[in-house]
Amino acid sequence: MLDLARLRALHAVSVHGSVAGAAAALGYTPSAVSQQIAKLERETRTTLLERRGRGVALTEEARHLADTAQELLAIVERAETTLEERRGQPGGLLTVAAFASAARGLLPGVLADLAARHPALDVRLTEVDPHLSVDLVVRGVTDLAVAHDWDIAPLPAPEGVEQAVIGDDLCDLVVPAGHPFTRRGVVLRADLGGERWVCQPPGRVCHDWLVRTLRTAGFEPDIAHVAEENHTIVALVAAGLGVAVVPRLGTGPLPPGAVAVPLEPGPVRRLYALWRTGAARRPAITEAVRTLREHWAATAARPGDLPSVRHPPAPARQ
């Protein structure tokens, strides 16, 4: 009889494309995942992984087995959901995927709250890109995803996935101290031409939003510096190397040398929780979404947790 844990390991390798990626998602070591796959190969008397350069690739037989594993894992999930629903209390393992600033600025409090309220619930967090997290939910690798979109790039919910709005994250135009924008009451998107920009890499939602917004306003963006983390982006701005649009969540107070100025219309990104339709009745999902919304409302209501927004002084009357 095929072992479900080993099938889960094979399925994770098929989703993430590597043993290391599967190990990170499952909370195992790469060695443990490799051992699970090796045991599965012995059980099935089939070669499942082939060496390709420094990585591995699934054989044709492994791909078929991974598809079957996904079906079996969905059946197990439905059974676990039914049992948990009958008990009426959140419990068991709940895997959560979240983008970087949510993992830093929102999830720590949420996870601590869930652990205190529901000792039988084991929540595991993985930090991933928001668009990747949706696919992980679809494939059954993670139970719940915290993702975001921007006004010009809506986040689709694929068939079989449900979503709930957590809240809106305001974004600031951050410029170096002494920049001419700091002396203005408001900056329009039409005023952003000619600036040097610091932003996330291509393919990230924030990067795509910036490019589309500036091109819509008639400018080709001059992206001088690219960085993954918002803290790095803000540090580059503080050093006078460019300007940036930075979400407030997870950024923290601005350092000396960086100033947030009002931008109109103000950029907003919306946060969502996403989960598979088959798990919608699971108390752990319901409680996690409720807690996410509760903590978001508290975070958004505390100005001290948001970046220091410095507005320019009102001009002296003549």
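The values are calculated or read from the model by the stated rules, or taken from the named source; none is laboratory data. Note that the coordinates shown come from a computational prediction; the quantities given were computed from them, not determined experimentally. So basically every Cβ, Gly included, is an ideal-geometry build from the backbone, and we count neighbours across all protein chains shown. To get the accessible areas, we keep the full protein, side chains included, count just its heavy atoms, and leave off ligands, DNA and RNA. Shrake-Rupley method; radii C 1.70, N 1.55, O 1.52, S 1.80 Å.
As a fraction of the 1.4 Å probe accessible area of the chain, surface on carbon and sulfur atoms comes out at 54 percent. Rolling a 1.4 Å probe across the protein heavy atoms gives the stretch 91-142 an accessible surface of 40 Å² per residue.
Roughly speaking, what % of Cα-Cα pairs in the stretch 4-156 are separated by over 25 Å, rounded to a whole number?
Percent of Cα pairs beyond 25 Å in the stretch 4-156: 37.
Our helix-only sum for the chain, with -39,500 (n - 2.57) per DSSP H run of n ≥ 4 divided by its residues, gives a mean residue ellipticity at 222 nm of -13000 deg cm²/dmol.
The angle between the Cα long axis of helix 107-117 and the main principal axis of the chain comes to about 50°, on a 0 to 90 degree scale.
Here, the stretch 1-71 has an Rg and a Dmax of 10.7, 33 Å when only alpha carbons are counted. The peptide list 107-120, 171-184, put in order of mean Cβ contacts within 10 Å with the highest first, becomes 171-184, 107-120. Dimensions of the stretch 118-186 along the principal axes, based on C-alpha atoms and rounded to the nearest Å, stand at 53, 32, 18, largest first.
Annotation: peptides 222-232, 123-133, 93-103, ranked by per-residue average of other Cβ atoms within 10 Å with the highest first, follow the order 93-103, 123-133, 222-232. Per residue, the stretch 205-260 exposes 41 Å² of accessible surface when a 1.4 Å probe is rolled over the protein heavy atoms with every protein chain present. Around Ala224, with a cut-off of 15 angstrom between Cβ atoms, what is the net charge of the other residues, counting Lys and Arg +1 and Asp and Glu -1? My count for the surroundings of Ala224 gives -2. One quarter of the surface of the convex hull around the alpha-carbon atoms of the chain equals 19.5 nm², the direction-averaged projected area.
Once the chain from Glu294 to Glu162 is taken as fully extended at 0.36 nm per residue, the excess over their C-alpha distance is 45.6 nm. Charge tally for Ala116 (other residues, Cβ to Cβ under 14 Å; Lys, Arg +1; Asp, Glu -1): -3. Assuming charge only on the beta carbon of Lys and Arg (+1) and of Asp and Glu (-1), the dipole of the stretch 1-115 about its Cα centre is about 360 debye to the nearest 20. Selection among Leu4, Gly27, Thr46 by position relative to the dipole of the stretch 1-63 gives Gly27 as farthest towards the positive end (Cβ unit charges, Cα centre).
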